[in-house]
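*Asks:* I have a structure I would like to understand better, so I am pasting it below and will then ask my questions one at a time.
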Amino acid sequence: MIPTTKSIPLQMCIMGPRASGKTTYLASLLAPGLKEQDGNGIKAGGLKLHKLEDIISNFIKQKKAVPPTDLNEEYDYRFDIAIQNAKRFRQANKIQLSAKDLSGERFDRIFDAFINPGSRKSLKEQQELEQDVREFLIQCFTMNRWMFMLTEWQTGKDEDYFKVFQWLCDRIDENSKLRSIQTLRIAVVMAKCERGEIWGGRLDPEADLFKIRLHKTYNLLKTRLKKKVNFFACSAYGILGKYDPRPNRFYTEDDGIHAEYRARLRDFDNWNPYGVIEPIYWLGTGENLHNEFL
């Protein structure tokens, strides 16, 4: 049975710590490998599209670091995503996506304001930070689709993530009467899954990545959010090929900088992101997309 064409509008915000790859993820939706797949298509629009095009042409393609998103440059990007060759459809084969790229500083400011307060220079500065975070959250509550991108799983990071998400869950509960909260879906994504140590867990990231490596955070989200949350793994850079699972990235030679900040795309012409559409499809439809390479 050939599914009828159905389009679903989706407005989401994308959050996560610094260097978790949020902007690179959005740029990867325009990667050559995705645009060239038979039957699929991704088109982007909007006044700020040139920002992503600039990132691709002048940073990713030139093997330079993607610049961080500034608090004053949190843009909305629009994409029309047509999906034709997935194994099955129930809900839609076209998604009209509006994605707001939020600065990684937002995630960190929650921690500084409410998890580890007192690091500000003055009481006034601390109060201003707390007010800024509250105002930011009010903006988030205007949308009922959120995506969080994470990359680290060390024990200390699990504890930090747990505290931030616990605070967010408390705020969600406090605003449970809002329509956006009642219909909320949150996709939690382990980014950069091309790394050899987690590539094997990409097919069942909930069980093989989050439940094992971030078990405290995972248990919190499952308990507090229940069916509002789902777990994914993606790679904006992908691997070199279907039969060549080596990561399509390399690290620059600067030992003074953490490896996550030194990752660059290896082969632009062979740029095939992995798993980038699946969380978007779930956010839009509530069902999983059965196509490993989308």
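The values are calculated or read from the model by the stated rules, or taken from the named source; none is laboratory data. The structure presented is a predicted model; accordingly, all values stated were derived computationally and were not measured. Glycine gets a Cβ as well: all are built from the backbone with ideal geometry, and neighbour counts include every protein chain shown. Surface accessibility is based on the protein's heavy atoms, side chains included, excluding ligands, DNA and RNA. Shrake-Rupley method; radii C 1.70, N 1.55, O 1.52, S 1.80 Å.
*Asks:* Kindly check whether there is at least one residue in segment 177-191 that is more than 30 Å from LYS242 (Cα to Cα), touching a helix residue (DSSP H, G or I) at 6+ places or on another chain (Cβ under 8 Å) and in a helix (DSSP H, G or I).
*Replies:* yes
*Asks:* How do the pairs read when you match residues in segment 52-71 that are closer than 19 Å to ARG249 by Cα with residues anywhere that are open to solvent by 60 Å² or more (accessible area, probe 1.4 Å) and not in a loop (DSSP other than H, G, I, E, B), using Cβ under 7 Å and keeping only pairs 6 or more apart or on different chains?
*Replies:* Close Cβ pairs satisfying both conditions: ALA65/TYR261.
*Asks:* If you don't mind, there's one more thing I want to ask. Read through the list (1) crowded, with 20+ Cβ neighbours inside 10 Å; (2) touching a helix residue (DSSP H, G or I) at 6+ places or on another chain (Cβ under 7 Å); (3) of a type in the set (Gly, Ala, Ser), then give the number of the only condition that SER235 fails.
*Replies:* Only one criterion in (1) crowded, with 20+ Cβ neighbours inside 10 Å; (2) touching a helix residue (DSSP H, G or I) at 6+ places or on another chain (Cβ under 7 Å); (3) of a type in the set (Gly, Ala, Ser) is unmet by SER235, namely (2).
*Asks:* Now for a separate question. Of the residues LYS177, LYS242, LYS227, which is open to solvent by 20 Å² or more (accessible area, probe 1.4 Å), at pLDDT 90 or above, basic (Lys, Arg) and touching a strand residue (DSSP E or B) at 6+ places or on another chain (Cβ under 9 Å)? Even if it seems obvious, please write down each step before you answer.
*Replies:* Details: LYS177 fails: touching a strand residue (DSSP E or B) at 6+ places or on another chain (Cβ under 9 Å); LYS242 fails: at pLDDT 90 or above.
Criteria check complete, one pass: LYS227.
*Asks:* So, in segment 117-135, how many residues would count as being within 18 Å of LYS163 (Cα to Cα), at pLDDT 85 or above and not acidic (Asp, Glu)? Can you show your working first?
*Replies:* Here is the first cut: in segment 117-135, the ones within 18 Å of LYS163 (Cα to Cα) are 117-119, 129-130, 133-134.
Right, trim to at pLDDT 85 or above and you get 129-130, 133-134.
Remaining after also requiring not acidic (Asp, Glu): 129, 133-134.
The number of residues fulfilling the criteria is 3.
*Asks:* Sticking with this one: Looking at segment 144-154, is at least one residue among the hydrophobic types (A, V, I, L, M, F, W, C) and in a helix (DSSP H, G or I)?
*Replies:* No, segment 144-154 contains no residue that is among the hydrophobic types (A, V, I, L, M, F, W, C) and in a helix (DSSP H, G or I).
*Asks:* Okay, next question. Considering segment 160-174 alone, what residues qualify as being open to solvent by less than 40 Å² (accessible area, probe 1.4 Å) and out of contact with any helix residue (DSSP H, G or I) (no Cβ under 7 Å at 6 or more places or on another chain)?
*Replies:* Correct list: LEU168 only.
*Asks:* Could you check, for segment 193-208, whether at least one of its residues is open to solvent by 50 Å² or more (accessible area, probe 1.4 Å), in contact (Cβ under 8 Å) with a residue 40 or more places away in the chain and among the small types (Gly, Ala, Ser)?
*Replies:* Among the residues of segment 193-208, at least one is open to solvent by 50 Å² or more (accessible area, probe 1.4 Å), in contact (Cβ under 8 Å) with a residue 40 or more places away in the chain and among the small types (Gly, Ala, Ser), which makes the answer yes.
*Asks:* Would you say MET149 is at pLDDT 95 or above and either open to solvent by 10 Å² or more (accessible area, probe 1.4 Å) or polar (S, T, N, Q) (or both)?
*Replies:* no
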